[in-house]
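The values are calculated or read from the model by the stated rules, or taken from the named source; none is laboratory data. Bear in mind that the values here come from a model prediction, so they are computed numbers and not experimental data. When we count neighbours, we look across all protein chains shown, and the Cβ atoms used for this are built from the backbone with ideal geometry, even at glycine.
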Amino acid sequence: MVTSLAFRLTKRFGAKIVLDDLALEVRGREFVTFLGPSGCGKSTALNLLAGLLPPTAGEIRLDGVRIDGLPPERRGFGMVFQNYALFPHLTVGANVAFGLAVRGLAKAELAPRVRRMLELVRLAGLEDRYPGQLSGGQQQRVAIARALAVEPRLLLLDEPLSNLDAKLRLEMRGEIKRLHAELGLTSIYVTHDQTEALSLSDRIVVLRDGRVVQAGPPAEIHDRPRTLFVADFMGYRNAFPVTVSSAEGDTVVGHARDVTLRGLGVVALAPGTAAVAVVRPEDVEVAPEPAGANVVRGTVRFTEYLGREHGVEVVLGTGQTLMARLPRPVTVGSALALRLPPERVVILPAEDGAR
Amino acid sequence: MRLAVLLLPSVAYLLVMFVFPFAYGVLLSLAPGARGLSLANYLAFFLDPWQARTIWVTASIAVPNTVVTVLLALIVAYSMRRGIRGERTITAALVLPIALGTVLVAEGINGFYGPKGWLNQALVGLGVPELPRLTHNYTGVMIALFVQHFPFCFLMLLGYISGIDPALEASARVLGAGAWAVFRRVMWPLIAPGVAIAGALVFVMNFGVFPSAVLVGQPAGATRTIAIAAYQQAFEHSDMSMASAIAVVMGGCQLAGLALILVLRRRMAGTGVATMGAGKR
Ligand SMILES: Nc1ncnc2c1ncn2[C@@H]1O[C@H](COP(=O)(O)OP(=O)(O)O)[C@@H](O)[C@H]1O
Ligand SMILES: [Mg+2]
């Protein structure tokens with residue numbers, strides 16, 4: 001059982017810095033997710049941890065012992081790839097047995113363990129099929145069983161669900177969560193999907209250009225983003241430039257030309273500094289009164305039926321657009337007053353160039 | 001019906017370009033002196049040791065050369081599967097012998113490996129007392145065939161191997177397979193069909209060796225291959241019928257070689273060593 005994994009890694013390809021001193025400590029049984037847009041270095045980080053790429057600088061310690069000099073085959077990790085990477089010439093059973101077979105386990109010992117792994121991923125009885133005869137979801141289950149069969153000290157998953165359709169993705173997400181808990185795994189998961197990250201992780205590490213921009217439990221990342229980049233990634237799609245008028249403890253008040261917005265200050269902001277107030281479309285509500293604190297007014301430009309709710313785009317007096325999700329339909333062209341609940345508004349420093 | 005019409009042009013092409021000349025040649029070989037069909041040509045060929053031994057001579061060039069060419073091409077292509085620096089330059093340099101053609105390559109080999117070639121001059125300069133004889137014998141033909149067929153075989157295998165998803169190797173490594181286990185358990189089964197095809201083509205080209213055997217070999221003796229025998233019958237003895245018979249024997253040997261390679265491949269597939277095609281899921 002692993003109790004800790006600590007690493008500090010830098011990776012350059014030529015002059016391009018892909019990972020810039022990425023440092024993290026992972027506890028045993030923890031589920032950590034690297035979340036970030038495509039090209040931010042997530043896969044590179046996993047490949048370095050697995051030993052498939054050499055780091056430019058840095059070290060990896062597993063329970064205090066340096067392992068960065070070991071080749072991948074001697075690290076005892078498991079890895080699940082986006083495209084499954086099943087061996088097409090081997091049966092499902094032989095795929096799952098692969099790690100054990102190269103470790104020299106006798107044939108007689110293999111069969112029961114393969115059966116147990118396939119039961120674990122709910123594929124019992126498919127031993128003799130070839131990967132090409134399975135659906136995408138089944139292939140990914142085989143890939144997971146294959147990685148778990150060797151009882152990996154660390155499980156690395158590189159966007160394992162992104163090739164699956166929405167329904168399967170949801171189902172497999174649950175499976176991964178269940179297996180992680182049931183088997184007491186230590187897992188590092190890579191995704192660009194915030195929902196996946198939120199639902200699976202004990203801790204989310206948001207990456208941008210090979211650097212950690214924020215790390216913390218899902219609720220913290222979700223509710224208290226520290227930069228505009230993280231806020232954008234977490235679905236705060238509405239942003240209003242404001243000037244900070246006052247900041248007291250957690251509460252920050254910012255003002256723009258015709259509105260005063262009260263919100264949550266996650267990072268210290270001095271009065272007078274340029275800031276941005278952000279809020280999610282889901283948190284915007286119809287104002288009970290046409291004027292008041294955190295209320296903005298505008299004209300409905302566009303509506304969209306989303307089933308449970310109605311997507312609405314409102315053009316404010318300042319010319320800015322605001323997206324909202326409202327429980328009742330509104331008509332295009334009508335005037336609307338919307339309230340941005342202060343407890344759901346986050347006010348962040350403006351200098352971040354993400355927008 | 002529509003399909004038949006659509007197939008017509010290609011069928012006609014095959015008939016005119018391949019089937020007709022082949023059938024004509026076979027027929028010609030069976031009709032010596034226009035006295036009805038007879039196997040006299042074949043009997044004459046196999047009963048004349050001077051002629052029959054060309055099969056052995058050709059095989060003793062073609063078989064080892066095929067093995068060496070395919071093996072070396074496999075090793076080099078496999079080690080280049082993830083790309084190396086200067087790959088384009090290397091590839092271009094390798095395509096050159098194919099582009100230049102057999103005769104120019106043979107000339108080059110004479111100039112480099114010949115008795116007064118650069119290699120021997122360098123050896124003289126180094127004070128080597130006994131100079132190796134590398135042209136106008138068996139070795140010369142082996143070198144020439146290797147120079148011509150290695151690039152072809154290498155490029156074919158490199159294409160085949162680089163088509164295999166690198167994630168397969170990565171996952172095998174992470175699962176605990178060392179370099180050899182990766183090759184043996186994952187890469188070789190996926191590469192084997194490509195190796196079989198490359199081997200078959202190199203063998204067929206080797207077995208038909210003609211210009212090299214003449215230009216850098218010893219066409220009257222050690223490298224009198226079956227193609228030379230056929231050529232002599234046709235153009236020195238003006239016996240087209242006998243020449244056709246020899247050509248048919250040559251084709252038969254080539255087919256036998258192909259069949260052997262395919263059987264070997266089946267065998268390996270049967271033991272689970274090689275199945276399926278390249279690494280396309
Ligand atoms: N072998 C390589 N050579 C050069 N650049 C690379 C190589 N591999 C990845 N990169 C670059 O590193 C960056 C991060 O890649 P990657 O780790 O795959 O990102 P992610 O998985 O987050 O999408 C990308 O900009 C990519 O172009
Ligand atoms: Mg990636």
- Does residue A:77 fit the bill of being surrounded by 14 or more Cβ atoms within 10 Å (Cβ to Cβ), closer than 22 Å to residue A:176 by Cβ and more than 16 Å from ligand 1 (Cβ to nearest atom)? yes
- Item | Hey, residue A:46 within 14 Å of chain B (Cβ to nearest Cβ), within 16 Å of ligand 1 (Cβ to nearest atom) and in contact (Cβ under 8 Å) with a residue 12 or more places away in the chain or not | yes
- Query: In the set A:185, A:155, A:168, which member is out of contact with any strand residue (DSSP E or B) (no Cβ under 6 Å at 6 or more places or on another chain), in the same structural domain as residue A:88 (by TED's automatic domain parsing) and more than 16 Å from ligand 2 (Cβ to nearest atom)?
  - Reply: A:168
- Of the conditions (1) assigned to a loop (DSSP other than H, G, I, E, B); (2) closer than 30 Å to residue A:124 by Cβ; (3) within 16 Å of ligand 1 (Cβ to nearest atom); (4) of a type in the set (A, V, I, L, M, F, W, C), residue A:53 clears all except one; give me its number. (2)
- Which ones in the range B:1-43 are in a helix (DSSP H, G or I) and in contact with a helix residue (DSSP H, G or I) (Cβ under 7 Å, 6 or more places away or on another chain)? B:25, B:26, B:28, B:29, B:32, B:40, B:41, B:42
- So which strands (runs of 3 or more DSSP E) stay within the range A:182-226 end to end and still have 2 or more residues that are in contact (Cβ under 8 Å) with a residue 40 or more places away in the chain and surrounded by fewer than 22 Cβ atoms within 10 Å (Cβ to Cβ)? A:203-208, A:211-216
- the range A:150-172 residues that are touching a residue at least 40 places away in the same chain (Cβ under 8 Å), paired with ones that are within 16 Å of ligand 1 (Cβ to nearest atom) and among the polar types (S, T, N, Q) (beta carbon under 7 Å, 6 or more apart): A:158/A:43; A:158/A:82; A:159/A:82; A:159/A:191; A:160/A:82; A:162/A:82; A:163/A:82; A:163/A:83
- Task: Kindly indicate which of A:205, A:142, A:150 is outside the structural domain of residue A:321 (by TED's automatic domain parsing) and within 16 Å of ligand 1 (Cβ to nearest atom).
- Result: A:205
- Query: For the range B:130-165, which residues satisfy the criterion of being in a loop (DSSP other than H, G, I, E, B) and either without any contact (Cβ under 8 Å) to a residue 60 or more places away in the chain or within 18 Å of the chain's Cα centre (by Cα) (or both)?
  - Reply: B:130, B:131, B:132, B:133, B:134
- When you look at residue A:85, is it in contact with a Lys or Arg (Cβ under 9 Å, 6 or more places away or on another chain) and within 16 Å of ligand 2 (Cβ to nearest atom), yes or no? yes
- Filtered residues of the range A:33-81 (kept if of a type in the set (A, V, I, L, M) and within 16 Å of ligand 2 (Cβ to nearest atom)): A:35, A:45, A:46, A:48, A:49, A:50, A:52, A:53, A:79, A:80
- Filter pass, residue B:177 being surrounded by 19 or more Cβ atoms within 10 Å (Cβ to Cβ) and within 14 Å of chain A (Cβ to nearest Cβ): yes
- Going by the structure shown, is residue A:164 crowded, with 17+ Cβ neighbours inside 10 Å, at pLDDT 95 or above, within 27 Å of residue A:47 (Cα to Cα) and more than 16 Å from ligand 1 (Cβ to nearest atom)? no
- Message: I'm told residue A:95 meets every condition in (1) touching a helix residue (DSSP H, G or I) at 6+ places or on another chain (Cβ under 7 Å); (2) surrounded by fewer than 19 Cβ atoms within 10 Å (Cβ to Cβ); (3) at pLDDT 95 or above except one. Can you identify the failing condition by its number?
- Response: (2)
- Message: For residue B:100, only one of the following conditions fails: (1) more than 14 Å from residue B:145 (Cα to Cα); (2) at pLDDT below 90. What is its number?
- Response: (1)
- Item | Scope the range B:71-96; condition of a type in the set (S, T, N, Q) and closer than 19 Å to residue B:163 by Cα; matching residues | B:79, B:91
- Candidates A:5, A:22 - the one that is away from ligand 2 (no atom under 15 Å from the Cβ) and buried (at least 21 other Cβ atoms within 10 Å of the Cβ): A:5
- How about the range A:315-353: which of its residues are free of Cβ contacts under 8 Å to residues at least 40 places away in the same chain and touching a Phe, Trp or Tyr at 6+ places or on another chain (Cβ under 8 Å)? A:329, A:332
- Counting only residues that are in a loop (DSSP other than H, G, I, E, B), at the interface with chain B (Cβ under 10 Å from one of its Cβ atoms) and free of Cβ contacts under 8 Å to residues at least 24 places away in the same chain, how many does the range A:91-113 have? 1
- Item | Test for residue A:83: is it polar (S, T, N, Q), closer than 28 Å to residue A:161 by Cα, assigned by TED's automatic domain parsing to the domain that holds residue A:137 and not in a helix (DSSP H, G or I) | yes
